[in-house]
1. Under a point spin-label approximation (7 Å from Cα along Cα-to-Cβ), what is the ASP328-ASP71 distance to one decimal in nm?
2. At a 1.4 Å probe, what is the % contribution of carbon and sulfur to the accessible area of the chain?
3. In nm, to one decimal, how far is the VAL353 label point from the ARG121 one, both placed 7 Å along Cα→Cβ?
4. Report the Cα centroid-to-centroid distance between the range 309-348 and the range 288-304 in angstrom, as an integer.
5. Run the quick spin-label model on ALA225 and GLN26: label points 7 Å from Cα toward the beta carbon, then report their separation in nm to one decimal.
6. Placing unit charges on C-beta atoms (Lys and Arg positive, Asp and Glu negative, everything else neutral), compute the dipole magnitude of the chain about its Cα centre in debye, rounded to 20.
7. As an exercise, identify the GluC sites (Glu not before Pro) in the range 277-355 lying in DSSP coil whose Cβ has no more than 10 other Cβ atoms within 10 Å.
8. Among the DSSP beta bridges whose two residues both lie in the chain, what percent are antiparallel, rounded to the nearest 5?
Amino acid sequence: MLSNSVLQRLASWCPWLLRDEPKLKQPVKVLVTGAAGQIGYAIVPMIARGLMLGPDQPVVLHMLDIPRMADALNGVRMELVDAALPLIRGVVAMTDEAEAFQGVNFAVLIGGWPRKEGMERKDLIAKNVAIYRSQASALQQHAAPNCKVLVVANPANTNALVLKEFAPAVPARNITCLTRLDHNRALGHIAEKLGVHVGDVRNAVVWGNHSSTQFPDASHATARAEHGEKPVRELVADEKWLREEFVVTVQQRGAAVIKARKQSSSLSAASAACDHMRDWILGTPKGTWVSMGVYSDGSYGVPEGIFYSFPVTCEKGEWSIVQGLQVDDFVRSKMELSAKELDEERSMAYDFVST
């Protein structure tokens, strides 16, 4: 029997030796499409380490990609096996949609047609309508009941809408799209401006489309500073910065990353996708909201029938749009601009569906 003093020394030197191992839940199936790509490669170990669903949730990973990526996909599978991650209960690499969606409880849809130089928005939408129409069929026919879906591939909001339209048996509330990356960028930029830890900043809002028309809004954000938690507007004390430089920096951050590293955001996108799903499934902290692209119910005057980024709170696997936030005329004009773009994208998508 070890004495208390020895146990205390062990706890200080090697805390992991004495920690209580969490009681594990029953395994769930998680699908990642585009898993051989950069975001896919970044996110699968995050999921396998419990960063998405928690440290007590074992997973069976279904990884899907197109046939010409089969070898690369199998390489990702081999690396996951070699990593010996304790939460993994199985890893399957697939190129068949029906097989990949079979019985999945959570789906992170990263695969899509990438925007190439010279490609117009309507061309990108046309390519992705075909992809998400096909995946909608696989989702509806083969996924587990109440499967939760996150669309990451751009144009994310409109891809989510196509998925919803062609999988009518799937509740619209179970389909979301990623604007958490923009939300995280907003928090990070505010934290840098104030010289505080990003964990001390909360309740920014990203309204609208995951595009350059999105509106990052710090009007309701707060930060913990030296003398307690205060509104970001009060701490920054620079309305011009909040309405111009801050907004443009967040809107254009993806382009800045591409310019700097010659590739699009991967690590931050994967991390944001994990954050999105974790908060959706496990809940948001009390008093904190996050930004999610969800099917509009008309809140804040946003037209119904589009996927739009709102501030939401989550509890027991369900999201709710935060109500009652004050929106001034400037913010309203930016929200309407993004809604207009999403309405145009919806019209384009419907045109391609009908042809």
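The values are calculated or read from the model by the stated rules, or taken from the named source; none is laboratory data. Treat the numbers as computed from the prediction; the structure is a model and nothing was measured. In this analysis, Cβ positions are derived from the backbone assuming ideal geometry, glycine residues included, and neighbour counts consider all displayed protein chains. Heads up: the accessible areas ignore ligands, DNA and RNA and are worked out on the full protein's heavy atoms, side chains in. Shrake-Rupley method; radii C 1.70, N 1.55, O 1.52, S 1.80 Å.
1. Modelled inter-label distance: 5.8 nm.
2. Numbers: 9080 of 17150 Å².
With neighbouring chains kept in place, the figure for the chain is 53 percent.
3. Rounded to a tenth, the inter-label distance reads 1.9 nm.
4. 4 Å
5. 5.1 nm
6. Values: 38 positive and 39 negative charges, 141 e Å.
With Lys and Arg at +1 and Asp and Glu at -1, about 680 debye.
7. On the way: sites: GLU304, GLU315, GLU318, GLU336, GLU341, GLU344, GLU345; in loops: GLU304.
Counting only loop positions with at most 10 other Cβ atoms within 10 Å, the GluC sites (Glu not before Pro) in the range 277-355 are GLU304.
8. Working: 21 of 44 bridges.
Within the chain, antiparallel bridges account for around 50 percent of the total.
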